[in-house]
Each structure stands twice: as structure tokens, then as C-alpha cells.
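Here the structure is laid out as C-alpha cells; the discussion comes afterwards.
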Amino acid sequence: MTKQFRLGLIINPLAGLGGSVGLKGSDNLADQALALGAQPMAEQRAKICLSQLLPLRDKVQIVTVAGEMGEALCRELGFDYICCYTPERIPTQAADTEQAARVMAAEGVDLLLFAGGDGTARNICSIVAASTTVLGIPAGCKIHSGVYAISPLAAGKLLAKLVAGELVSQQEAAVMDIDEAAFRDGVVKARRYGEMRIPAELRYVQSVKMAGKESEELVLDDLAAYVVSQLEDNVRYVMGSGSTVAAVMAELGLDNTLLGVDVVENGQLLAKDVTASQLLELVTGYPSKLIMTLIGGQGHVFGRGNQQLSPAVIRAIGRDNILLLATKTKLQQLAGRPLLADTGEPALDRELQGLLSVLTGYNDYVMYRLGYEDDH
């Protein structure tokens, strides 16, 4: 009998809770996020990933954690699984992630799959470092680390290649995290916490986020001036996060939430640092457009640090009403890789695919592809 692929699975059920409600993180804020109406999404994102393995289910045994940290999903999908660790308390803690990783590393899993954010990656890195091959399913608010797949679907596709026995090389990738308290004040302080070994399939694995503001200030000024000249009356403009959009807000003379989402109408700030539910209410039934940029080095348009732009919000605004801003230098950093959408709904990610018109300067547009053509 062919040896089964032993897949470790750890789900951080609290990952990403703060994103949709504007908290810009979940560390020590789970209760507050839940009180604001946040819905846990980590298990659902893990389900999207593991569903890619269903045709290969007989070739996989999952080593996981009791309850919502993995066991419940394995049972739902019908995988052969064993529980190697049971948390002592609910809600679970970072120590549970660390202990589960310790047990899985000792048992010798072929790959440790985890769903979470940069905090989860830090927890696991502190235990396994580069001794165990890992792969992250992006489920947190902050995904600066290079150990994550570009989306849950991409993680599943990469796992399927491994389980099917295809040759995939390995590399070490950086684990990064930021100071969340400073992040909520608009300051990005990223720190490297180590490296972990990942499958080196660059089509499916993201790069480390490039932090820092654009140095091309003159280009940004021109770009911002053109955007402002094109703003229409009685249209609600949803202003995404990031320094490129901040340049537009500065041109308007409006206070900007660098790492949040604001809404502008008729040159005035209509709403500041909105949550996903607030934003949906503001754009539903109103002429609305979305002004946003991409994450330098990674190419993500949706799903990294802007979870307020929920699938419902994106659909309410419509693909044709999205204005993407990026300097040509930022696009060149992608080295030909496509822009990426990880909205949480693979169907919507596919709907968003195709060529996008990207504003790169004063009335200067380039066409750039969003999404891989074969992500089905």
C-alpha cells in the first residue's frame, strides 16, 4: 500500500477577526472584534484549501488539533485524520498553536499547513524554524511574511501537486510581523522573526511585503492631481489604504486613514476608517467607485490589509468602478507576475480576473493582468 501523505493542520480560529471591523489586527482583540460583529473566517479559508485535496483524499492522512483548530473541518470534509493535541481552554491561545506545532514536528509530518496571519506564523516559527516544511493559508489581517500561499485556493493547488507526487523544490522564506499598536496609529514597523522552509512554487507562494512609502513623490503628486481632477459630483469614492491613495487624500486636503478605508463624496470626508458593514451600507444604492492601490512586491489588490472591502462591498461597487493606482516602478517590482485578488470568495476572485487599466501617472494608464488564467 502506498504511504499516505502526512499533512499537519493547525487553524487559528481567531485569525483575521479584526480586519472587517477596522481593528487592523486581531492580537489580543478577539473579544472586541466579535462584539463589533466580526465573523471567524479562518476555518472557511482552510476549507477552500483542503477542498482541492478531496480527489486525493485516500492519499492523505491529516494530523491536526481537536475542535475548531482542525478536527471539525477534517470531520466535515471526510478526511482520514488523527488529533495529536487538545487545547485546554476556549478560546484557544497562541500557546496552543505552539504546542500543536511542537507535537507535529516531533511526529514528522510531511508538511505543516496552517491558517492564520503573521502572528500565527511567528508562533509556529518559534517552534519549528526551518526543521519542518510549512505552508500558510492566508487568514489574518497582516500577511507580511513570505511563508503564505497567495490565496487559500493557491495553497490547495500547491498541496495537490505535493500529494500527487510532483516534484516541488523548497526554499527558506522570511517570517515578518509588525507592531499592531503602532499599525493602528498609521505606522508600519516590520520586524523579521526568522525563516521557515516552504515549497518553492513561486506561482502559488507570495513574496515578503515591501514596506515603506513610495520614493517617487513627483509621480505620486501627478497621479493624485489627475485623480482629483476626474472626481465626479454625487459619487461616493471609497478610498483604500496605502500611501498611494494617501497622496490623493492629501491633494483633496482631507484627513486620511493610512491603513484603513475612508469614504469621500463631493470633496468632503463622508466617513472615516469604516468597517465592512458600515461600508456596505454606505455604497448600497448609491453611485460608488473604489480608488485603491496594490501591495508592493506581492501584487495583492484585495485580501491584504483591506478586509473592509468585503465580497459584498466589491460586488456592490462593481469591477468597472474600481480605479487602481500604482507607479510603474511598483508594477515593475512584480517582474511580470499578475496582480492578485484573495477576497475570500474564489468565485469572485475569478470574476475579477482579466486585464485592468492601472493609472500610473497624469492621464497615463497601462493594462495589467489580474489573476492567473488557469485558477479554476
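Structural descriptor for region 30-141: relative contact order 24 percent, calculated from alpha carbon pairs under 8 angstrom and at least 6 residues apart.
Sort region 262-376 into rounded, prolate or oblate with this rule: let a ≥ b ≥ c be the square roots of the eigenvalues of the Cα gyration tensor; rounded if a/c is under 1.5, and if a/c is not under 1.5, prolate when a/b is larger than b/c, oblate otherwise. Oblate.
Distance between the modelled labels on residue 218 and residue 3, one decimal in nanometres: 6.1 nm (7 Å Cα→Cβ projection). In this rough spin-label picture, where each label sits 7 Å from Cα along the Cβ direction, the residue 56-residue 164 distance is 0.7 nm.
Which of the GluC sites (Glu not before Pro) across region 278-376 are loop residues per DSSP, with 12 or fewer other Cβ within 10 Å?
In loop regions of region 278-376 (DSSP not H, G, I, E or B), the sparsely surrounded GluC sites (Glu not before Pro) are 373.
Here the 3J(HN,Hα) profile of region 259-276, calculated from phi with Karplus coefficients 6.51, -1.76 and 1.60 at θ = phi - 60°, is 10, x, 10, 10, 10, 10, 9, 6, x, 10, 6, 7, 7, 10, 6, 7, 8, 4 Hz, Gly and Pro shown as x. Amide H contacts under 5 Å for residue 112: 8, 133, 134, 135, restricted to partners 5 or more places along the chain or on a different chain, H placed in the peptide plane at 1.01 Å from N.
What trypsin sites (Lys or Arg not before Pro) does region 39-105 have in DSSP loop regions with at most 15 other beta carbons within 10 Å? Those that pass, being in a loop and sparsely packed, are 89. Cα centroids of region 135-163 and region 287-332: 20 Å apart.
Calculate, in nm to one decimal, what residue 347 and residue 200 gain on full extension: separation in residues at 0.36 nm each, minus their alpha carbon distance.
So the chain would gain 50.3 nm between residue 347 and residue 200.
If R0 is 51 Å, what FRET efficiency do you get for residue 270 and residue 77 from their C-beta distance, rounded to 0.05? According to the calculation, E is roughly 0.75.
Surface calculation, 1.4 Å probe, protein heavy atoms: residue 239 sits at approximately 0 Å² accessible.
For region 39-83, the gyration tensor built on C-alpha atoms gives an oblate shape. Its axis ratio a/c (a ≥ b ≥ c) is at least 1.5, and a/b is not larger than b/c.
Using the beta-carbon distance between residue 363 and residue 281 and R0 = 30 Å, what value does 1/(1 + (r/R0)^6) give for FRET efficiency, to the nearest 0.05?
0.35
Could you tell me which of rounded, prolate or oblate describes region 90-149, using a ≥ b ≥ c as the square roots of the eigenvalues of the alpha-carbon gyration tensor, with rounded for a/c under 1.5 and, failing that, prolate when a/b is larger than b/c and oblate otherwise?
Since a/c reaches 1.5 but b/c is at least a/b, the shape of region 90-149 is classed as oblate.
Under a model in which nothing but the beta-carbon of Lys, Arg (+1) and Asp, Glu (-1) is charged, region 312-376 shows a dipole of about 280 debye around its Cα centre.
Near residue 78: Cβ cut-off under 15 Å, other residues only, Lys/Arg at +1 and Asp/Glu at -1. The net charge is 0. Rounded to the nearest Hz, the phi-derived 3J(HN,Hα) couplings of region 52-62 under the Karplus curve 6.51 cos²θ - 1.76 cosθ + 1.60 (θ = phi - 60°) are 5, 8, 4, x, 10, 4, 6, 9, 10, 10, 9, where x marks glycine and proline.
The values are calculated or read from the model by the stated rules, or taken from the named source; none is laboratory data. As the structure is a prediction and not an experimental result, all values here were calculated from the model. Quick reminder, even Gly has a Cβ in these numbers, built from the backbone with ideal geometry, and neighbours come from all protein chains shown. What goes into the accessible areas is simple: the full protein's heavy atoms, side chains included, and nothing from ligands, DNA or RNA. Shrake-Rupley method; radii C 1.70, N 1.55, O 1.52, S 1.80 Å.
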